[in-house]
1. May I ask for the Rg/Rh ratio of the chain, computed from Cα atoms with Rh as the Kirkwood radius, given to two decimals?
2. Taking the Cβ of residue 302 as the center, what net charge do the other residues with Cβ under 12 Å away carry, scoring Lys and Arg +1 and Asp and Glu -1?
3. For the charge dipole of region 20-464, defined by +1 on Lys and Arg C-beta atoms and -1 on Asp and Glu C-beta atoms about the Cα centroid, which residue among 174, 247, 353 has the Cα displaced farthest towards the positive pole?
4. Taking 0.36 nm per residue of sequence separation and subtracting the Cα-Cα distance, how much length would be gained by fully extending the chain between residue 41 and residue 437, in nm to one decimal?
5. Using a Förster distance of 45 angstrom, determine the FRET efficiency expected from the C-beta separation of residue 478 and residue 104, and round it to 0.05.
6. Would you tally the net charge around residue 62, using a Cβ to Cβ cut-off of less than 11 Å, leaving residue 62 out, and scoring K and R as +1, D and E as -1?
7. Which of the pairs 295/461; 115/419; 182/264; 296/323 have their Cα atoms more than 31 Å apart in this structure?
8. Evaluate the relative contact order of the chain (contact order divided by residue number), counting alpha-carbon pairs under 8 angstrom at least 6 apart; express in whole percent.
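What follows draws every value from the coordinates through simple rules; no lab data is involved. Owing to the predicted nature of the structure, the values given are computational and were not obtained by experimental measurement. Note that each Cβ is placed from the backbone with ideal geometry, even for glycine, and that neighbours are counted across all protein chains shown.
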Amino acid sequence: VKSLPPDEQFSNEYKWDIVKTKAQLILTSKLVMLTSGNWDSLADIRNVYTEKIFNLPTGADRWSNDLFFGLQRVCSLNHSLIELCTAIPEKLPVTDEMLKPLLQGLTLQEALDQKRLFICDLKILEGLPVRPDFVLCAPIGLFFVDSQQQLRPVAIQLFQKPGPDNPIFLPTDHSLTWALVKMWYNNADAAYHQSLTHLGFTHLLMEGVVVSTHRHRGLELLVCENGWVDKTMNFGIKGMFELIARGINSWRLDVHGTLPEDLKQRGLQDLNVLPCYHFRNDALLHYEAINKYVKKYVTLYYDTDEKLKEDWEVQAWAAELVKPRDNDKGGCGLLGVPGNGQFTSVDQLITVVTSIIYTCSVSHASTNFPQYDEYGFPPNYPGLLRGTPPKTKAEVTEAAILWALPDRPTTLDIMIVTKILSQRGTKPIGDFEVQYVFDDKAREIVDDFRRDMAQISKKIKERNLRRNPPYTYLDPDIVPNSISI
């Protein structure tokens, strides 16, 4: 990107940090890239992480553990797919007999009635284009909260239509077969994460908000043909763009961009349901504080609905947000914007601004900064898998798993990209790079917000003393105030 308004540019120090980090990573990786080909063993993969700059990702020590696989649904990269399961779908024909060893004495119906079953359905991936000789699953995962309030996977079906060549895999299957099935599930989960949770629902949607003023378009440079997506993901750039289109065309600001409503839609608004949902529990603190901050700030200047209705600049912005995103109309094309292009109440403006701030800070931080810890050790969360997914419950060998995993050079590409993406380089939420606030009353509101953030930071740190592992990604001390990378 060659020209941006000065206030939108990264500092020279931050840009230099990114360039320097990339150079160090490439230099370090050259020593390992002298050897090419596949891995000799799962233990062999760990030998890459010998340099300080390539620290061992946390996923390396827990990649085969079912409890951590469960935690990946609620406090990792893709935390907003999981839903309360109120009925077993016909396309996932699990039975009481299948799950009897896994539900701690409960029947399926009893587990449903007690709100202890949860589902993740990646049907949106079905039929996506993929790279030649690669496969992308569209899996369904069923999860159970045990008596220790821990989320465990109890069934995975790798494709949408049940059948003899698409069995329901269980934790009671052979351990390496189950491990490989979880890898294929996470490979699909990674496609959704990079395309929608990360790029589509934060970068691109919020870029649209900026485009409405600055008319800047940089997608072609950000995700280009034969770039990192084509090298490190099964579906490649064509599949990514189609998935982004599918997801963004159904994203609504008043649902998916409004955390309490999103949780309600997924049956997870009750904090007693799925108590280990650390993302929800911490993100709600942020959302409520941001909403309080925005309400005080907006009503400082718009103390009546009439004042807002008469502000033609804000009304023009509202219209731009909902205008179709095509070459002729040139709008953001956002669905679910209160007022649908014309703010008639102050509450509508508060909802929109709260959503934008929350998405650019909390939502992006939660889905961006765990990337190296998850992707950096491919068996834990493989963006790329070779071959075809298991079609039977036959025993899988370690050699088969190693062949499915990315080879050495591709693994290093993944490590470099995710290490850079996981860098934190801008100031934390509430600590702005550029000072726009000069009104004394507005400064008081900002100071109140910073005090609220300090209290939230203290509360999350206290919560993390009781969590294993701790969930640090939403501590306000490390949540940036913008989408910084």
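1. On the way: Rg = 23.0 Å, Rh = 23.8 Å.
Looking at the chain, the ratio lands at 0.97.
2. -2
3. Value computed over the given set: 174.
4. On the way: separation 396, 0.36 × 396 = 142.56 nm, distance 5.67 nm.
Contour length minus the Cα-Cα distance gives 136.9 nm.
5. Computed FRET efficiency for residue 478 and residue 104 comes out at 0.80.
6. On the way: positive: none; negative: 61, 66, 373, 374.
That works out to -4.
7. On the way: 295/461 27 Å; 115/419 38 Å; 182/264 28 Å; 296/323 28 Å.
The pairs that break the limit, which is 31 Å between Cα atoms, are 115/419.
8. Numbers: 739 pairs, mean separation 101.2, N = 485.
RCO, the chain: 21 percent.
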